[in-house]
Amino acid sequence: MTHDHDLVLRPTEAQRAAALAPPPGRTGGDLVVETLCSLGANTVFGLPGQRALALFDAVGRSDLRFIGLRTENNAGFAADAYGRMTGEAVPLLLSAGPGALMALPALAEAAAASAPVVAISAQVPVAGLGGGRRGHLNELRDQSASFREVVKSVHSARTPSQIPSVIAEAWESALTAPPGPVYVEIPEDVLRDETVIPQVTGVDASPHELAPRPELTAVAAHWLENAARPVIIAGGGVIRSDAAGKLRLLAERVNAPVVTTYGGKGAFPWTHPLSLQSWLEDRHTTDFLEDADVLLVVGSGLGELSSNHHTFFPTGRVVQIEADLGKLESNHAALGIHADARLALQALLETVAEREDEAAPERVRLLLADIAARATPQAPDPDPAPAQDPAQDPEHQLRLLASIRAALPPRSPSFWDMTALSYRAWSAFDPKHPNTMHSAQGAGGLGYAFPAALGAAVAEPGTPVLAVSGDDGAMYSIAELATAVQHALDVTWLIVDDGGHDAPRETGANPTRPDFAALAASFGVPATTTTPQSLRTDLTKALKTPGPSLILLPTPPHP
């Protein structure tokens, strides 16, 4: 009789031969690279540094595609976007000390957005670990401690033999719902020294499925099919689990209006009769959600932005489906279902009965008409005089967003920095398709849009990608124009130059900034200074032209 624990995967003849005669001159860095390749990686992001040179040398000897950016934080943003676009774990290679710490803001954004980044960092030699002060360059008392409260999990390898298992463990953690960034550190001498360990093959790091408990989905289905006014809030978890199709089927079956959070934009068709779109900061939308007798929240923790800055207080029953256990019922009491959004929606579809409600689309139409009437003038002037502060003028912003939407191909991804136009886009921009609109609203750091767009362009070659930044956010990423040119990436960067008008006046707004068009030209990037009236035409042309380009939109227009 054979028991499951008696089963052992036996090596093939090729694996046996490779094990008995490994190539000479291999290092711990090669073990890292072999493990990554065995796990299915084909692209890595990062920035070389002294402690990590053996790792980067090993990458150079491999078939991995290396995308090097000019700062570690920007490399992290690019890796984040690559992970969002592909759903795959993506390696981010870092050196020790400042080189590692520079990536923390990007990893914080990846954590907030559940992007599966595997950050692999070098460390000082083994003898310098443990809190002693030996005076190594890049020495920190406990480097991993700086990451522990930011990433999903922390892993370390202290000998070459630990490397394959440690990286596989980290890889599995990054991909298991809820996905997120993880941190691995390996000392310099472990990466540098030669090893006799056989070549790494056959590594498995399949993520665990997070299925819902059936008794909970049975209750949720009963509530939904018997509700008088059900409503669904769809968050980023629907996008990450590729569950947009199942969400639409469920909404149509129970005739429930759907509003998407900013992280969930694209999870439900914008023009669907049941779509409340994304107007979460509108008080009338908040009232509509509070009036629901059953509110189904899928893949959202109902955080600050998703709850209209914590002014949302549901009055009916709440069902919350969330893969992140820490977010389950963290803001509102609910029937909490700890599960991947796709698996939970499938369970509901297998259980819930159809619910008739001919009035639901009309309720949605009336709310959206009310929002539109308050957001735009009844008879817009085709050539309006500029507002005193156009950067903050909703009508001006909506016209700009309409031009951007008309120019951007429907399946092209867009990445938005923290700037006034982006804040309006969170509510008003139609992404057309799931997983095509991303911003830094998870952690809220500046400088996300352009390096993230570069990562998306690497993930989807041949697809034009748009980045939108303000002038302040753009200053964080100027160096990556060199990266865009080096790799001939199809990214158009729209910089809304409002002179720092997003910032409070008393904190020193209107900072000195460069001539962005001239600066782009110095990198060999075509640059166009546009106007609100010519934005659509200029943006359309840039997006159709291969390679990087920059569009500068002065607001107010430069004389």
Practice item. Could you point to the label whose value was computed as Cα extents along the principal axes in Å for the structure here, given [x] 77, 71, 43; [y] 93, 55, 42; [z] 95, 52, 41? Key: [x]
Revision key, fill the gap. In terms of the charge dipole of the chain, which places +1 on Lys and Arg and -1 on Asp and Glu at the beta carbon, the residue among THR311, HIS208, SER144 farthest towards the positive end is SER144
Revision key, fill the gap. Neighbours of GLY266 by Cβ distance under 10 Å: Lys/Arg at +1, Asp/Glu at -1, summed charge +1
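Excluding ligands, DNA and RNA, what is the solvent-accessible area per residue of the chain at a probe of 1.4 Å, expressed in Å²?
For the chain, the per-residue accessible area is 41 Å².
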Review point. Can you count the Lys pairs in the chain with C-alpha separation below 29 Å, eight or more apart or on different chains?
Key: 13
Point to revise | Signed unit charges on C-beta, dipole axis of the chain, positive-most listed residue GLY547, ALA440, LEU274 | key: GLY547
**Study point:** Share of carbon and sulfur in the accessible heavy-atom surface of region 236-309 [1.4 Å probe, %]
**Key:** 46
Study note, to complete from the structure: Within the under-9-Å Cβ sphere about THR27, not counting THR27, Lys/Arg +1 and Asp/Glu -1 give a net charge of -2
Exercise for review: May I ask for the net charge around ALA205, where only other residues with Cβ less than 13 Å from the Cβ of ALA205 are counted and Lys, Arg are +1 while Asp, Glu are -1?
Suggested key: -4
Check your understanding: Suppose every K and R has +1 on its Cβ and every D and E has -1 on its Cβ; what is the size of the dipole of the chain about the Cα centre, in Debye to the nearest 20?
Key -> 700
**Study point:** Hz values of 3J(HN,Hα) by residue in region 469-481 - Karplus curve (6.51, -1.76, 1.60), Gly and Pro given as x
**Key:** 9, x, 5, 5, x, 4, 5, 6, 10, 3, 4, 6, 4
Study note, to complete from the structure: For region 413-532, the Cα convex hull volume per residue in Å³ comes to 118
Check your understanding: Farthest toward the dipole's positive end in the chain, which of PRO532, VAL297, VAL219, given Cβ charges of +1 (Lys, Arg) and -1 (Asp, Glu) about the Cα centre?
Key -> PRO532
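Charges at C-beta only: +1 for Lys and Arg, -1 for Asp and Glu. How large is the resulting dipole of region 317-356 about its Cα centre, in Debye rounded to 20? Present the calculation step by step, with values, prior to reporting the outcome.
Numbers: 4 positive and 7 negative charges, 19 e Å.
Computed charge dipole of region 317-356: roughly 100 debye.
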Check your understanding: In nanometres, what is the gap between the two model label sites at GLN486 and ALA218, each 7 Å from Cα along Cα-to-Cβ?
Key -> 5.8
**Study point:** Dipole magnitude (debye, nearest 20) for region 262-310, charges at Cβ of Lys, Arg, Asp, Glu
**Key:** 260
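Can you tell me which of 65-71, 188-194 comes out highest on packing, and rank the rest after it, using the mean Cβ neighbours within 10 Å?
Details: 65-71: 18.4, 188-194: 20.4.
The most tightly packed comes first, giving 188-194, 65-71.
The values are calculated or read from the model by the stated rules, or taken from the named source; none is laboratory data. Quick caveat, the model's predicted, so the values are computed rather than measured. Every residue, glycine among them, receives a Cβ derived from its backbone with ideal geometry; neighbour counts consider all protein chains shown. Ligands, DNA and RNA are excluded from the accessible area calculation, which covers all protein heavy atoms including side chains. Shrake-Rupley method; radii C 1.70, N 1.55, O 1.52, S 1.80 Å.
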